[in-house]
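A.B. asks: Below: one structure in structure tokens.
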Number of protein chains: 2
Amino acid sequence: MSGAPPGGSAAGAAPFILGLDIGGTKLAAGVAGEDGRVLSREVIPARTEEGPEAMIARLVELGRRVLAASGVSPAAIAATGISCGGPLDIRDGIVREPTNLPGWIDIPLVSRLTDDFADVLERKPVYLENDANAAAMAEHRYGAGRGVRNLVYLTISTGIGGGVIVSDRVVEGESGNAAEIGHMSLCHDGWACPCGSRGCLEAFASGTNIARRARERLAGGQPSSLSALSPEAVTAREVAAAARAGDPLACAVWDETVAVLGAGVGSIINLFNPRLVILGGGVTAVGDQLIEPVRRIALERAFSSMAAEADVVIAELGTDIGIVGAVAAAQARLAEQA
Amino acid sequence: MSGAPPGGSAAGAAPFILGLDIGGTKLAAGVAGEDGRVLSREVIPARTEEGPEAMIARLVELGRRVLAASGVSPAAIAATGISCGGPLDIRDGIVREPTNLPGWIDIPLVSRLTDDFADVLERKPVYLENDANAAAMAEHRYGAGRGVRNLVYLTISTGIGGGVIVSDRVVEGESGNAAEIGHMSLCHDGWACPCGSRGCLEAFASGTNIARRARERLAGGQPSSLSALSPEAVTAREVAAAARAGDPLACAVWDETVAVLGAGVGSIINLFNPRLVILGGGVTAVGDQLIEPVRRIALERAFSSMAAEADVVIAELGTDIGIVGAVAAAQARLAEQA
């Protein structure tokens, strides 16, 4: 229908979404409209040690609070979206066993939350989405990827995750777990990854692993300004800062990091022929120090015809990306079913 | 419409496709119906040294001959499909500069063939598709991937190419060149690839490169039953045969090959969460000697949740895959536009 608002619902129909974001560090909830603008939000510590039951109970309370704070009538909420670490089964709405959520094993989260919100949301649909896929959908709909049909989103933080948009739709795969870009091997017989494979991008270039590699060099006795810090204080941010200041150890770690990330992004361009590769996550806070060499190396390594069509940029959505991702995922699923 | 034949056209409408396959070694043409059965086919040497003009002229003659031999009235031909090596621009119908077709630079093949067949086919649509994507579409529609929504097709022959089907549609990317799986890096700082990158799957595990690696070991003086052959006679097939007979040099080359292929397929499973990875191309003629170790290594290296949903199998379509791929690509494009 011409003139209908975006998001798949007809003009006048319930246009708001409750977005829930379940992470290993924090739980977040928010209410957003069809323009992706977050009307109310709240973030609380995840406290994963309490296990799924207590966490779900706190998440439901959080959802109720942001719903009340938004001023939106529950009748105007079309659906609830949940962004959660994988592996999941998004079709059946089951959280399989995310590495960042100990004790969450085969939790039927969608039916659980449908029940728990039944009094206010009248069993309106609840959709579960892999957190990185949800973030990709958020950047595609509301961020750096607006108007782009084919993009790859890569989040570089504690771990490395990703989401792929092909012809304006997220690539789900058989059960919604596609785009585990952190676990493509860039070194088939190289460094071990806790996932059981070798040479995984995440096990080298995530924030945690940038710091680990710097600590290993320090422990090996290489001189560095970072040796003034306690081992725990050596973070990816500190490594980046020391590299900017010209510290040789930090420069070596950083150069290796962008080399491997650049090779990975180059492969991603050859695999997906995207218009954009969008880098998000905490490690991208350093900006040009990361994006410039990764872009240069990736575009050099990709096929020239595909490199000419592609660019590598920083994500636009900030700390709200979890909530906006959950919202975008629910909007996409509603549109699919319209 | 219930009861309509597959392929996107209504019952009674023109249900046949002229399929053309342009390779570096041979040109092929065939006519197929909506069930993918090839009614007539002909294959001639490509003779790429003659350049695009002469090749296109011979391809048009070939198309006319298979059309006549098929017994199908030109009025019953709905479209022409072309399978060709990339890079291409499939939307504009332009062959950019395939590595296997010297001298083919920015050839507007779709408009060219629309004109050249105008007298018999009345300017009915002509569709261009990347050869590996076309083969993936053929296996999805008529081969090992029938009924599977998410699959990855990998062809291992002179080079390594691929095609990805997500939710029953081929992943094209911005210009139809996605799924260059042969150019994902499995060794970010490793072996050089003619494409300019390093560690590319193709530059290690294609038929040509299996043979090259064996020849390099022979030249280095390692004893082997293969040293009885002239260097040119050392092919991937001979390496596989010698490995089956227990030759240590050939076994080492073969073990490295399946290790790298297994790592690559494992990454592919993590990236696409497919139901099937289908291996085709000349090197797969050895059957279990290739597929068994590649399956085992790939499923070991992939995330267990995704490995549990995936299998690695051999392609079903044989030497007709180029023609059937061109046909399947045209059928998909017709259905898109219906």
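The values are calculated or read from the model by the stated rules, or taken from the named source; none is laboratory data. Keep in mind that this is a model prediction, so the values were computed, not measured. Reconstructed Cβ throughout: ideal geometry from the backbone, glycine too, with neighbour counts over all protein chains shown. Side chains are part of the model used for accessible areas, which takes the heavy atoms of the whole protein and leaves out ligands, DNA and RNA. Shrake-Rupley method; radii C 1.70, N 1.55, O 1.52, S 1.80 Å.
A.B. asks: Once the convex hull of the alpha carbons of the protein assembly as shown is built, what does its volume come to per residue, in cubic angstrom?
C.D. replies: Roughly 168 Å³ of hull volume per residue.
A.B. asks: Return the FRET efficiency for the residue pair residue A:76, residue A:232: r is the Cβ-Cβ distance, R0 is 45 Å, and the value is rounded to the nearest 0.05.
C.D. replies: It comes to 0.45.
A.B. asks: Identify which of B:95, B:43, B:164 has the largest mean-square fluctuation in a Gaussian network model of chain B, with springs joining Cα atoms closer than 10 Å.
C.D. replies: B:43
A.B. asks: If you don't mind, another one. Probe radius 1.4 Å, ligands and nucleic acids ignored: give me the carbon and sulfur share of the accessible area of segment A:185-338 as a rounded percent.
C.D. replies: Percent of accessible area from carbon and sulfur atoms in segment A:185-338: 54.
A.B. asks: With the convex hull built on the Cα atoms of segment A:250-299, state its orientation-averaged projected area in nm².
C.D. replies: Taking a quarter of the hull surface, the average projection is 3.4 nm².
A.B. asks: Tell me, what ³J(HN,Hα) does each residue in segment B:128-138 have, in order and in whole Hz, if you take phi through Karplus 6.51 cos²θ - 1.76 cosθ + 1.60 with θ = phi - 60° and put x for Gly and Pro?
C.D. replies: So the J values, rounded to whole Hz, are 9, 9, 3, 4, 6, 5, 4, 5, 4, 5, 5.
A.B. asks: What residues qualify as long-range amide H neighbours of residue B:186, i.e. H under 5 Å apart, gap of 5 or more or another chain, H built at 1.01 Å from N?
C.D. replies: It is B:200, B:201, by chain and number.
A.B. asks: What is the Cα convex hull volume of segment A:36-154 when expressed per residue in Å³?
C.D. replies: It is 122 Å³ per residue.
A.B. asks: Expressed in nm to one decimal, what extension gain is obtained for the pair residue A:219 and residue A:44 from 0.36 nm per residue of sequence separation less their Cα-Cα distance?
C.D. replies: Fully extending the segment from residue A:219 to residue A:44 adds 59.4 nm.
A.B. asks: Which of the peptides A:174-182, A:111-119, A:290-298 is most tightly packed, and how do the rest follow, judged by the mean count of other Cβ atoms within 10 Å per residue?
C.D. replies: Result, highest mean first: A:174-182, A:290-298, A:111-119.
A.B. asks: Follow-up. Place the label 7 angstrom along Cα→C-beta at residue B:102 and in each other copy, then list the distances from the first to the rest in nm, shortest first.
C.D. replies: Nearest first, the other copies' label points are 6.3 nm away.
A.B. asks: Could you work out the pair-distance distribution P(r) of chain A from its alpha-carbon pairs, with 10 angstrom bin width and percents rounded to whole numbers?
C.D. replies: With 10 Å bins starting at 0, P(r) equals 6, 26, 32, 23, 11, 2, 0.
A.B. asks: Another question about this same structure. Around residue B:185, what is the net charge, scoring Lys/Arg as +1 and Asp/Glu as -1 over all other residues with Cβ under 11 Å from its Cβ?
C.D. replies: Local charge sum for residue B:185: 0.
A.B. asks: Less than 14 Å Cβ to Cβ from residue B:99, Lys/Arg counted +1 and Asp/Glu -1: what total charge do the surrounding residues give?
C.D. replies: Combined, the nearby Lys, Arg, Asp and Glu give -3.
A.B. asks: Another question, if that's okay. List every residue whose amide H lies under 5 Å from the amide H of residue B:160, counting only residues 5 or more places away in sequence or on a different chain, with H placed 1.01 Å from N in the peptide plane.
C.D. replies: Those qualifying (amide H under 5 Å, at least 5 residues apart or on another chain) number zero.
A.B. asks: Continuing with the same structure: Would you mind telling me which residue in B:143, B:103, B:163 has the biggest mean-square fluctuation in a Gaussian network model of chain B, where springs connect alpha carbons within a distance under 10 angstrom?
C.D. replies: Checking each option, the largest mean-square fluctuation is seen for B:103.
A.B. asks: Right, here's the next one. What are the ³J(HN,Hα) values, in whole Hz, obtained from phi via the Karplus relation 6.51 cos²θ - 1.76 cosθ + 1.60 with θ = phi - 60°, for each residue of segment B:243-260 in sequence order, with x given for Gly and Pro?
C.D. replies: Karplus-based 3J(HN,Hα) across segment B:243-260 equals 5, 4, 7, x, 4, x, 4, 5, 4, 5, 4, 5, 4, 4, 4, 5, 5, 6 Hz.
A.B. asks: Let me spell out the model: positive unit charges on the Cβ of Lys and Arg, negative unit charges on the Cβ of Asp and Glu, origin at the Cα centre of the protein assembly as shown. What dipole size does that give, in debye rounded to 20?
C.D. replies: So the dipole magnitude of the protein assembly as shown works out to roughly 60 debye.
A.B. asks: With +1 on each Lys and Arg Cβ and -1 on each Asp and Glu Cβ, and nothing else charged, work out how big the dipole of chain A is about its Cα centre, in Debye to the nearest 20.
C.D. replies: 420
A.B. asks: Here's another thing I want to ask about it. I want the local charge near residue A:245. Using Cβ-Cβ distances under 15 Å, sum +1 for each Lys or Arg and -1 for each Asp or Glu among the other residues.
C.D. replies: -1
A.B. asks: Against the longest alpha carbon principal axis of chain A, how many degrees, from 0 to 90 and to the nearest 10, is the axis of helix A:321-337 turned?
C.D. replies: That helix lies at roughly 50 degrees to the long axis.
A.B. asks: Accessible area per residue, 1.4 Å probe, Å², for segment A:147-314: what's the number?
C.D. replies: Value for segment A:147-314: 34 Å² per residue.
A.B. asks: Can you tell me the 0 to 90 degree angle between the C-alpha axis of helix A:51-70 and the longest principal axis of chain A, rounded to 10?
C.D. replies: Here the helix axis deviates by roughly 60 degrees.
A.B. asks: So, how do all the Cα-to-Cα distances of segment B:147-314 break down into 5 Å bins, in percent, from 0 on up?
C.D. replies: 2, 9, 18, 21, 19, 15, 9, 4, 3, 1, 0
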